[in-house]
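Below is one structure, written out as structure tokens, with a few remarks after it.
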Amino acid sequence: QVQPVESGGGWVQPGGSLRLSCAASGSSSSNNFMGWYRQAPGNERELVATINPIGITYYADFVKGRFTISRDNAANTMFLQMNSLKPEDTAVYFCAIVTQQGRTYWGQGTQVTVSS
């Protein structure tokens, strides 16, 4: 059973930075497809960024140039470096892990609040 656990959320002023982490227990991460999603109140969950087993990344247009996704396979951990944060980035951020068997596991989410 893969269990992703997010950390690193919090409150930050507009223009600030946060770094989210997702620690994945129960499975070696080297062959897993990993990604970050977010959900703001009243909105559907949306894709933020993904990273495949060999490090190829994808970003939603609204975070390109501001967010960077990365992974440390040895530590079974994924990161999301978020810079130049905007109030519209306020949301609960979720880590998703897709195994080679095609099963998706979700973390419990971490709140990111951007306000002055």
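Before moving on, here are some points about what is shown:
- Filter pass, THR57 being under 25 Å from VAL114 (Cα atoms), out of contact with any Lys or Arg (no Cβ under 9 Å at 6 or more places or on another chain) and among the β-branched types (Val, Ile, Thr): yes
To keep it simple, each residue is scored yes or no on (1) part of a strand (DSSP E or B); (2) among the aromatic types (Phe, Trp, Tyr); (3) modelled with pLDDT of 95 or more; (4) out of contact with any Ser or Thr (no Cβ under 9 Å at 6 or more places or on another chain).
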{"residue": "ALA24", "(1), (2), (3), (4)": "yes, no, no, no"}
{"residue": "SER27", "(1), (2), (3), (4)": "no, no, no, no"}
{"residue": "SER30", "(1), (2), (3), (4)": "no, no, no, yes"}
{"residue": "GLY35", "(1), (2), (3), (4)": "yes, no, yes, no"}
{"residue": "ASN43", "(1), (2), (3), (4)": "no, no, yes, yes"}
{"residue": "VAL48", "(1), (2), (3), (4)": "yes, no, yes, yes"}
{"residue": "ILE54", "(1), (2), (3), (4)": "no, no, no, yes"}
{"residue": "TYR58", "(1), (2), (3), (4)": "yes, yes, yes, no"}
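- Within the stretch 4-16, being closer than 17 Å to LEU80 by Cβ and either in a strand (DSSP E or B) or open to solvent by 60 Å² or more (accessible area, probe 1.4 Å) (or both) holds for PRO4, VAL5, GLU6, SER7, GLY10, TRP11, VAL12.
- Remark: pairs (first residue in the stretch 35-51, under 24 Å from ASP72 (Cα atoms); second residue among the hydrophobic types (A, V, I, L, M, F, W, C) and open to solvent by 70 Å² or more (accessible area, probe 1.4 Å); Cβ separation under 8 Å; 6+ apart in sequence or on different chains) = THR50/PHE33; ILE51/PHE33.
The values are calculated or read from the model by the stated rules, or taken from the named source; none is laboratory data. Everything numeric here is computed off the predicted structure, so don't read it as measured data. Positions of Cβ are generated from backbone atoms using ideal geometry, with glycine treated the same way; all protein chains shown enter the neighbour counts. Areas reflect the complete protein model, heavy atoms only, side chains present, ligands, DNA and RNA absent. Shrake-Rupley method; radii C 1.70, N 1.55, O 1.52, S 1.80 Å.
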